[in-house]
Amino acid sequence: MRNSRILGVGRYVPERVVTNDELAACMDTSDEWIQQRTGIRQRHFSDGWTGAADMGAEAAREALDRAGLRAEDIQCIVFATLSPDVDMPASACLLQHRLGVAGMPAFDVRNQCSGFLYGLAIADKFVKTATYDRVLLVGSEVHSTGIDLTNRGREVAVIFGDGAGAVVVGPEADARRGILSTHLHAEGKFAEKLWLESPASRSRPRLTEEMISGPDARIFPKMEGRYVFRHAVTRFPEVIREALGANGLTTRDLSLLIPHQANLRISQMVAMGLELSEDQVFNNIDRYGNTTAGSIPIALYEALEAGRIRDGGLLCLAAFGAGFTWASALIRW
């Protein structure tokens, strides 16, 4: 069986930068409070008329260009998002149209913070089994239009930002290079610890005035922060060690870890637990916040630009988030 590898990476973030001080003007918080708990200094917000597919298309075009390919060369589109442009159809179909192509399969993956790695596992298997030769994988999120920018929602609202990243996955002849393995997990009993309840198909009508503006509004994401934090700092190291162990490697072999950018304090605790040096971990949450499915490809793009990823280096991508879901991928660049 042939291997697969990432042929090109692209990213896009909206122009508007929102600082912690700007958020402090509309809710009871401060730059110091946000930085101390999350490590975030700023994030990017869309203009309110830009959807996940719009941003994903910009990232995809750059990834295609860097891979030396045209949109017509893509044989499958996988789109990871928790903030689809519309309830239906899939944002992948809207992205396909924005790229000016048609015919190939296009579908969404809805696994929130782990969505990009779930999508990467799918793309990897498609290429390794020769189902497709070139798969476009996009992670894109518009959080800013769906968060509660008041005191009621501040613990969640200060975390998220908008952005998109994309990769093109294709074949690799050398079994020792490229995507070595992917590892996916979920534990649904914790779903209500981090979720967005409404609108939902289990309600008739799916949306009411009370859901929007009632004392317990249900249209904004809710999180039991400490509970999520405790599970994240356990599952991250587990799934990273799983990936390394499956390939007969240890943390000493790791060139760079790119974790999902959920919270800088989580990344720091994970690095400490794995005894990784600062040079072995890449973080950019301070500038982008949590862009969910977009966070790993955006960080991957920036790590490449900064020269932190080199030919032959061993790279681990890892994520934890709503579901609960967690995942990792090990790559020999």
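The values are calculated or read from the model by the stated rules, or taken from the named source; none is laboratory data. Computed from a predicted structure; not experimentally measured. Cβ sites come from the backbone with ideal geometry, for glycine too, and all protein chains shown count toward neighbours. Ligands, DNA and RNA are excluded from the accessible area calculation, which covers all protein heavy atoms including side chains. Shrake-Rupley method; radii C 1.70, N 1.55, O 1.52, S 1.80 Å.
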*Within segment 173-195, restricting attention to residues that are acidic (Asp, Glu) and touching a residue at least 12 places away in the same chain (Cβ under 8 Å), which residue is farthest from residue 246 (Cα to Cα)?*
187
*Confirm whether residue 139 is in the same structural domain as residue 95 (by TED's automatic domain parsing), under 23 Å from residue 84 (Cβ atoms) and surrounded by fewer than 18 Cβ atoms within 10 Å (Cβ to Cβ).*
no
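Of 92, 80, 60, 53, which residue is over 19 Å from residue 132 (Cα atoms), under 19 Å from the mean Cα position of the chain (by Cα) and among the aliphatic types (A, V, I, L, M)?
On the way: 92 fails: over 19 Å from residue 132 (Cα atoms); 80 fails: over 19 Å from residue 132 (Cα atoms); 60 fails: over 19 Å from residue 132 (Cα atoms).
It is 53.
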_Residues to consider are 32, 15; find the one that is without any contact (Cβ under 8 Å) to a residue 60 or more places away in the chain and closer than 18 Å to residue 143 by Cβ._
15
_Failed item in (1) without any contact (Cβ under 8 Å) to a residue 40 or more places away in the chain; (2) open to solvent by less than 50 Å² (accessible area, probe 1.4 Å); (3) assigned to a helix (DSSP H, G or I), with residue 101 passing the rest_ = (3)
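Give 29, 81 a once-over and let me know the one that is surrounded by 17 or more Cβ atoms within 10 Å (Cβ to Cβ) and more than 26 Å from residue 316 (Cβ to Cβ). So that I can check it myself, show each step before the final result.
Details: 81 fails: more than 26 Å from residue 316 (Cβ to Cβ).
Only one candidate passes the filter, namely 29.
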*Scope segment 70-116; condition of a type in the set (Gly, Ala, Ser), touching a helix residue (DSSP H, G or I) at 6+ places or on another chain (Cβ under 7 Å) and either under 21 Å from residue 163 (Cα atoms) or not assigned by TED's automatic domain parsing to the domain that holds residue 137 (or both); matching residues*: 71, 80, 83, 91, 106, 115
*asked:* Which of the numbered conditions does residue 121 fail, given that it passes all the others? Conditions: (1) under 30 Å from residue 223 (Cα atoms); (2) assigned to a loop (DSSP other than H, G, I, E, B); (3) open to solvent by less than 40 Å² (accessible area, probe 1.4 Å); (4) out of contact with any Lys or Arg (no Cβ under 9 Å at 6 or more places or on another chain).
replied: (2)
*asked:* Condition first: within 14 Å of residue 113 (Cα to Cα) and out of contact with any Asp or Glu (no Cβ under 8 Å at 6 or more places or on another chain). Can you find one or more residues in segment 272-288 that meet it?
replied: yes
_Out of 220, 190, sole residue that is assigned to a helix (DSSP H, G or I) and surrounded by 15 or more Cβ atoms within 10 Å (Cβ to Cβ)_ = 190
*Restricting segment 32-61 to residues that are assigned to a loop (DSSP other than H, G, I, E, B) and touching a strand residue (DSSP E or B) at 6+ places or on another chain (Cβ under 9 Å), which is modelled with the lowest pLDDT?*
47
